[in-house]
């Protein structure tokens with residue numbers, strides 16, 4: 001395979017999640033990094049707040065911004081799960097999502113199902 005044509009699953013997931021953010025918020029994060037582990041996929045994102053969210057945060061309304069983000073992130077769950085399952089070929093058990101408004105940092109943690117082991 002020629003250089004530059006290799007499939008990079010981390011990059012593919014990061015691009016997919018950024019694209020989902022763009023579709024829902026009108027803009028995507030300017031930085032994203034994905035880590036794939038045996039038990040989960042984590043996606044860290046920065047610089048994702050919209051202009052109105054930044055304005056609300058500057059006026060001390062961080063909790064309003066976080067609440068709005070939680071609602072939208074819940075709506076995005078199925079699409080993010082589809083991206084991760086499509087790239088990894090593994091079934092996702094759940095998505096944990098949060099956004100730190102002060103630093104404009106988001107985390108998407110997608111936990112894989114374990115093969116037949118429901119008790120750890």
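Residue 13 meets all of the listed conditions (1) touching a helix residue (DSSP H, G or I) at 6+ places or on another chain (Cβ under 9 Å); (2) farther than 20 Å from residue 96 by Cβ; (3) part of a helix (DSSP H, G or I) but one, namely (2). Is there a residue in segment 52-65 that is surrounded by 13 or more Cβ atoms within 10 Å (Cβ to Cβ), in contact with a strand residue (DSSP E or B) (Cβ under 6 Å, 6 or more places away or on another chain), in a helix (DSSP H, G or I) and touching a residue at least 12 places away in the same chain (Cβ under 8 Å)? Within segment 52-65, none of the residues are surrounded by 13 or more Cβ atoms within 10 Å (Cβ to Cβ), in contact with a strand residue (DSSP E or B) (Cβ under 6 Å, 6 or more places away or on another chain), in a helix (DSSP H, G or I) and touching a residue at least 12 places away in the same chain (Cβ under 8 Å). Residues in segment 29-38: is at least one surrounded by 13 or more Cβ atoms within 10 Å (Cβ to Cβ), modelled with pLDDT of 95 or more and part of a loop (DSSP other than H, G, I, E, B)? So far as segment 29-38 goes, yes, one or more of its residues are surrounded by 13 or more Cβ atoms within 10 Å (Cβ to Cβ), modelled with pLDDT of 95 or more and part of a loop (DSSP other than H, G, I, E, B). What is the number of the single condition among (1) without any contact (Cβ under 8 Å) to a residue 12 or more places away in the chain; (2) in a helix (DSSP H, G or I) that residue 6 does not meet? Result: residue 6 passes all but (2).
Checked against the criteria, residue 95 does not count as over 15 Å from the mean Cα position of the chain (by Cα), surrounded by 13 or more Cβ atoms within 10 Å (Cβ to Cβ), without any contact (Cβ under 8 Å) to a residue 24 or more places away in the chain and not in a loop (DSSP other than H, G, I, E, B). Residues in segment 41-51 that are within 13 Å of the chain's Cα centre (by Cα) and surrounded by 18 or more Cβ atoms within 10 Å (Cβ to Cβ): 41, 43, 45, 48. Restricting attention to segment 101-120 and to residues that are part of a strand (DSSP E or B) and either modelled with pLDDT under 95 or in contact with a helix residue (DSSP H, G or I) (Cβ under 7 Å, 6 or more places away or on another chain) (or both), the residue that is nearest to residue 66 (Cα to Cα) turns out to be 108. Among the residues in segment 83-91, are any surrounded by 13 or more Cβ atoms within 10 Å (Cβ to Cβ), over 25 Å from residue 7 (Cβ atoms) and touching a strand residue (DSSP E or B) at 6+ places or on another chain (Cβ under 7 Å)? Scanning segment 83-91 turns up no residue that is surrounded by 13 or more Cβ atoms within 10 Å (Cβ to Cβ), over 25 Å from residue 7 (Cβ atoms) and touching a strand residue (DSSP E or B) at 6+ places or on another chain (Cβ under 7 Å).
The values are calculated or read from the model by the stated rules, or taken from the named source; none is laboratory data. What you are looking at is a predicted structure, and each value in this text was computed from that prediction instead of being measured. As a convention, Cβ positions derive from the backbone with ideal geometry for all residues, glycine included, and neighbour counts pool all protein chains shown.
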